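The values are calculated or read from the model by the stated rules, or taken from the named source; none is laboratory data. Since we're looking at a predicted model, the values are computed, not measured. Neighbour counts are summed over all protein chains in view; Cβ atoms, including those assigned to glycine, are modelled from backbone coordinates with ideal geometry.
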Amino acid sequence: MTQGSARSVLITGARPYGEAAADVLIVDGVISAIGESATQDAAGAQVIDGAGLILLPGFVDLHTHLREPGREDAETVATGSAAAALGGFTAVFAMPNTDPTADTAGVVEQVLRLGQQVGLVDVQPIGAVTVGRRGERLAELAAMATSEANVRVFSDDGDCVSDPLLMRRSLEYVKAFDGVIAQHAQEPRLTVGAQMHEGIISARLGMTGWPAVAEEAIIARDCLLADHVDSRLHVCHLSTAGSVAVVAAAKARGTRVTAEVTPHHLLLTDDLAVEYDPVFKVNPPLRTESDVAALRAALADGTIDIVATDHAPHAAQDKECEWDQASPGMLGLQTALSVVVTTMVDTGLLDWRGVARVLSEAPARIGSLAGHGRPIAVGEPANLVLIDPAARWTVRGARFASLSANTPFEGMELPATVVATLLRGRPTVLGGRLARIGS
Amino acid sequence: MSAAPVLSAARLMPRHLLSAGDLSLDAATHLLDTADRIDQAIAGREIRKLPTLRGRTVVNLFYEDSTRTRISFELAAKRLSADVINFSAKGSSVSKGESLKDTAWTLQAMGADIVVCRHSSSGAPHRLSNWVDGHVINAGDGTHEHPTQALLDAFTLRRHLKDLRGRRVVIVGDVLHSRVARSNVLLLHTLGAAVTLVAPPTLLPLGVTSWPVQVDYDLDRALVGADAVMMLRAQRERMSGAFFPTEREYSRRYGLDARRRGLIAEHGLVMHPGPMNRGMEIASDVADGAGSVIVEQVANGVIVRMAVLYSLLAGDGDSS
């Protein structure tokens, strides 16, 4: 790597989308040349050796918990942004279940500004659907949409907008500014006290079950509501084979529905609860082998549109306790790529174009986020990630950039590492480490 | 007692007793045999106390009110001459202000050889066993298990029925929320008995299909010729969760009255882990009538818990 003009970067020898190698020149944050012409015009550029690496559009996470404001002991916008950049992300959507709730223009603008100050990824706030996420009355959705934060995705994530009338109204209301409701599908009455997937393991462990139907019933209802008012619906962290069938049927009849799956639901199953270690407690819960198989197939065939992390940092004391008193959630930003590679690429279900689709292009499109998830082409913003597909690494939560260490993949050896991440042409990660900002 | 069972205990016993499923047939048989020997050793003695665990510390860590189980463990430990500490914390560890992990470290620092843990959270003794060096005994965790209850039930059954292989035991009631049922299913299966569960479908876990049991919704049919019937406590608050409509309907369909008592085998036993709701899941005359071993279960609880405490610690001495 040579240091040249700070405004131009040359990536040499990398394979865009895992296809033929081509040099890529970036000038002023925009891809200015690809191929032989890139090398010719690269005088004075900072050179990143991409030999053997794969170049993809920077990842976009539609579902991240950054915990700030409110739980800065678990994560901050700064530490979460660092984890995101190290995971290959150039943009994250921040869920509004903060304290205070991101349910006003003021709070979403605060989160936006915190993200801008850190500058490692674009932090795009999600607004709450209802005031305080209490499911009682609509938050000022248009105020958030027209604020500096330009909010387009609204969610009460962590809680379901279970009231059917409120759900109908919110689906309708956001049409005025092409918003989308991202629903945490969980019928609350069917999940009172629920601790884990309801099935053979919960019966044995004596834990209150979280039945698959509690998710599927809400998704089915919401798809019908979206049909009725011709609105856009996004399903968060879809976790069951039955949900896949519901979404597939809705898409077949033309429902404007999109769906996400988390990396952990693509890899892990409910039997991990047998030692009662709450690092495996998450909402929706880990399901069964057959659910995992259905989720992978649905991601491959497009029934599920995207992978979103549901990155959920929790302080140690909120996990080192009894299962039923632990907070649900898992870290995800720094393991997302590797889990997608091991579950989808190494299995032949997705190629690298597919990875770009589910981790970058589709989430940016669903979230109406300009400048991200764009093709690797001349004239496009240089939000990019360089991946070493041959590398293997062992997950150690304590080494993550997150303030918390609650990874369910601890000790697992996984494929693929992020070598470099570029946000509008500026490396945020180089050599697998955070790049010093301003260098 | 001789040295032989000490050596075999070290090999047979799991480090902790968290689930009845932790016990192999040999370990379960060893525990029940040990209980028999303890019973014989103290029978007829004026001072019903053995010096076996002198100098050992047993901590009763009870996060849930359970006077019966605590007293039973306390008596068992004292009859083996152990030092007993009762550590009661009402409600959850969180509401108490100290985490389970911190409490575990405190007990560890005090040198507890055995921690007997009762907790409203399923799996809490499991968690605890990661944080202490001593042995952990699950004295009932949430809606998970209560392995010493299953052992005392098996001990009682064995007293009357001798070999449990091929015996048919009917367990009736709220299996979904019952730690007694889970432990009994596992242990009775290990010991070769055939278990039938009878409950309204709402009070059976969906995953019961994977258990080594028969399920029947018809109590009369299940009781015919049974060697024992075990009634579980019916909790009135389950009505608010729409598990069953009224006490009366529950009692009619799943209560053990004199007529139903007459359906089981002539030598058949009537059991209940207590505390009973007389008139709901069991009629008073049946609870106090022929074949009822409910009071005997309580007495056997102390003996069986002595056997568990002794057998868990026997391995320690052997390895030193």
Practice task
Output the number of residues of the range A:32-51 satisfying the condition of being among the charged types (D, E, K, R) and within 34 Å of the chain's Cα centre (by Cα).
Solution key: 1
Practice task
For residues that are within 14 Å of chain B (Cβ to nearest Cβ) and assigned to a loop (DSSP other than H, G, I, E, B), scanning just the range A:315-333, find the one that is surrounded by the fewest Cβ atoms within 10 Å (Cβ to Cβ).
Solution key: A:A315
Exercise for the section: For residues that are more than 10 Å from chain B (Cβ to nearest Cβ) and not in a helix (DSSP H, G or I), scanning just the range A:185-195, find the one that is farthest from A:V161 (Cα to Cα). Expected result: A:A194
Practice task
Scan the range B:270-285 for residues that are in contact with a helix residue (DSSP H, G or I) (Cβ under 7 Å, 6 or more places away or on another chain) and within 17 Å of B:H146 (Cβ to Cβ) and report the count.
Solution key: 5
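Among the strands (runs of 3 or more DSSP E) confined wholly to the range A:7-78, which include 1 or more residues that are more than 17 Å from A:R426 (Cβ to Cβ)?
Working: elements: A:24-27, A:30-34, A:45-49, A:54-57, A:59-64.
Fully inside the range A:7-78 and qualifying: A:30-34, A:45-49, A:54-57, A:59-64.
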Problem - Filtered residue count, the range A:196-241, keeping only those that are under 22 Å from A:L266 (Cα atoms), more than 14 Å from every other protein chain (Cβ to nearest Cβ) and surrounded by fewer than 22 Cβ atoms within 10 Å (Cβ to Cβ) - result: 3
Exercise for the section: Residues being touching a Lys or Arg at 6+ places or on another chain (Cβ under 8 Å) and either within 19 Å of A:G329 (Cβ to Cβ) or free of Cβ contacts under 8 Å to residues at least 60 places away in the same chain (or both): count how many of those fall in the range A:180-203. Expected result: 4
Practice task
Among residues belonging to the range B:33-52 that are of a type in the set (A, V, I, L, M) and touching a helix residue (DSSP H, G or I) at 6+ places or on another chain (Cβ under 6 Å), point out the one that is nearest to B:E296 (Cα to Cα).
Solution key: B:A35
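At least 1 residues that are more than 14 Å from chain A (Cβ to nearest Cβ) in each: list the helices (runs of 4 or more DSSP H) lying fully within the range B:54-152 that qualify. Working first, answer last.
Working: elements: B:67-79, B:93-96, B:100-109, B:124-129.
Because the criterion is at least 1 residues that are more than 14 Å from chain A (Cβ to nearest Cβ), the helices (runs of 4 or more DSSP H) in the range B:54-152 that meet it are B:67-79, B:100-109.
Would you pick out the residues in the range A:52-97 that are of a type outside the set (K, R), over 30 Å from A:I376 (Cα atoms) and surrounded by 24 or more Cβ atoms within 10 Å (Cβ to Cβ)? Give the derivation first.
Within the range A:52-97, the first condition is being of a type outside the set (K, R), and the residues that meet it are A:52-66, A:68-70, A:72-97.
Next, from what is left, pick out any that are over 30 Å from A:I376 (Cα atoms): A:68-70, A:72-76, A:96-97.
Within the range A:52-97, A:A74, A:E75, A:P96 meet the criteria.
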Handout entry: Some residue of the range B:240-251 being free of Cβ contacts under 8 Å to residues at least 60 places away in the same chain and aromatic (F, W, Y)
Key = yes
Handout entry: For B:T202: the one exception among (1) surrounded by fewer than 16 Cβ atoms within 10 Å (Cβ to Cβ); (2) within 14 Å of chain A (Cβ to nearest Cβ); (3) closer than 18 Å to B:L31 by Cβ
Key = (3)
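Would you mind stating whether A:A43 is more than 30 Å from A:G397 (Cα to Cα), among the hydrophobic types (A, V, I, L, M, F, W, C) and modelled with pLDDT under 95?
yes
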Problem - Test result for A:L268, hydrophobic (A, V, I, L, M, F, W, C) and more than 14 Å from chain B (Cβ to nearest Cβ) - result: yes
Exercise for the section: Kindly list the number of the only condition in (1) of a type outside the set (V, I, T); (2) more than 20 Å from B:A193 (Cα to Cα); (3) buried (at least 17 other Cβ atoms within 10 Å of the Cβ); (4) touching a helix residue (DSSP H, G or I) at 6+ places or on another chain (Cβ under 7 Å) that fails for B:D227. Expected result: (2)
Exercise for the section: Return yes or no: is A:F93 among the aromatic types (F, W, Y) and either in contact with a helix residue (DSSP H, G or I) (Cβ under 6 Å, 6 or more places away or on another chain) or free of Cβ contacts under 8 Å to residues at least 24 places away in the same chain (or both)? Expected result: no
